[in-house]
Amino acid sequence: MILAPGPLDLPASRLLGKLAAEGETVVTEPRRLPAGDGPVTLAVSTGPFIFDFIGLVAALGSRPFRVLVLSRLGAHPDARHPALQRLWRLEEHVRAGGAPTLTLRLAPLLGPDTPLWRRLRSRPALPRGGRGLLNPVAERNALETLRRALDGRAKWTGWFEVAGPEVWSLAELRELAEPAGRAADAGEWEPSLEEMAEHRLAESEPWASHFGIIPAGVAECVRERVA
């Protein structure tokens with residue numbers, strides 16, 4: 001069962017929502033946890049609330065728990081973007097707590113109905129001619145990563161950059177999206193353009209090996225049928 005201590009920022013909240021739709025128990029308050037002494041996964045990310053880690057742990061009482069940090073690429077002590085600074089501080093705060101912790105730094109998520117893909121389909125203007133480079137990852141691969149972590153198929157330890165093996169510029173992604181036409185919903189930049197500008201190219205192999213994932217290519221993941 002998953003406890004998210006408040007409304008989390010995207011994409012963390014969307015991923016947890018998809019897990020809940022699959023039958024995973026996801027609650028936002030300790031009092032809503034099912035009765036019993038079963039272990040709890042505390043899922044944390046940034047969000048519009050004050051995260052009281054010590055108070056939350058106290059509310060869990062004697063129930064065993066572990067922590068899932070849903071971070072993003074670019075979280076770094078030298079990050080300039082405020083959201084990335086907050087994510088880095090959150091990572092450090094949780095690590096200092098000593099609980100079993102798994103940290104996933106998510107690359108921009110792509111799929112046929114992700115906000116970023118819908119935004120690219122709208123033919124938006126791009127900063128610096130769209131030359132910024134990214135390692136986008138298939139949303140379905142990110143979800144499978146969470147499933148394998150939660151059900152024990154992957155060890156609950158360490159931090160991983162959940163990023164695809166292909167390097168694309170924003171301009172190339174926009175060109176790839178053009179044949180799909182505009183979506184009814186214009187989507188949004190997820191994460192923001194300013195945040196993506198700070199992304200460093202990542203290595204997908206450590207994440208893929210640890211979780212037994214075969215990363216989907218970008219062209220493949222955006223062609224999938226929306227469930």
TODO: State the Cα centre-to-centre distance between the range 192-226 and the range 121-171 in whole Å.
DONE: 3
Open item on the list: Which residue, 93, 145, 36, has the largest displacement toward the positive end of the dipole of the chain when charges sit on each Cβ (Lys, Arg +1; Asp, Glu -1)?
Closed with: 36
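Counting only protein heavy atoms and a 1.4 Å probe, tell me what percentage of the range 14-132's accessible area is made up of carbon and sulfur. Before the final figure, lay out each step's value.
Working: 2890 of 5500 Å².
Within the range 14-132, the accessible surface is 53 percent carbon and sulfur.
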Open item on the list: What is the angle, in °, between the Cα long axis of helix 139-150 and the longest principal axis of the Cα atoms in the chain? Nearest 10 is fine, range 0 to 90.
Closed with: 20
- [ ] Compute the Kirkwood hydrodynamic radius of the range 108-227, taking the inverse of the mean of 1/r over all pairs of distinct Cα atoms, and give it in Å to one decimal.
- [x] 14.9
TODO: Give the angle, between 0 and 90 degrees and rounded to the nearest 10, that separates the Cα long axis of helix 82-97 from the longest principal axis of the Cα atoms of the chain.
DONE: 30
TODO: Using the charge dipole of the chain (Lys, Arg: +1 at Cβ; Asp, Glu: -1 at Cβ; taken about the Cα centre), state which of 73, 214, 23 has its Cα farthest towards the positive end.
DONE: 23
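Where does each of 78-88, 101-111, 119-129 land if you order them by average Cβ count within 10 Å, highest first? Could the numbers behind the result be given before it?
Details: 78-88: 17.1, 101-111: 23.6, 119-129: 15.3.
Top to bottom by mean Cβ count within 10 Å: 101-111, 78-88, 119-129.
Relative to the Cα centre, what is the charge dipole magnitude of the chain, using +1 at the beta carbon of each Lys and Arg, -1 at the beta carbon of each Asp and Glu, and rounding to the nearest 20 debye? Working shown, then result.
Numbers: 28 positive and 28 negative charges, 37 e Å.
It works out to roughly 180 debye.
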TODO: Sticking to Cα atoms, compute the Rg of the chain to one decimal and its Dmax as the biggest Cα-Cα distance, whole number, in Å.
DONE: 17.6, 55
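The values are calculated or read from the model by the stated rules, or taken from the named source; none is laboratory data. Keep in mind that what you see is a predicted model, and the values were worked out from it rather than measured. Note that we place each Cβ from the backbone using ideal geometry, even for glycine, and neighbour counts take in every protein chain shown. Ligands, DNA and RNA are excluded from the accessible area calculation, which covers all protein heavy atoms including side chains. Shrake-Rupley method; radii C 1.70, N 1.55, O 1.52, S 1.80 Å.
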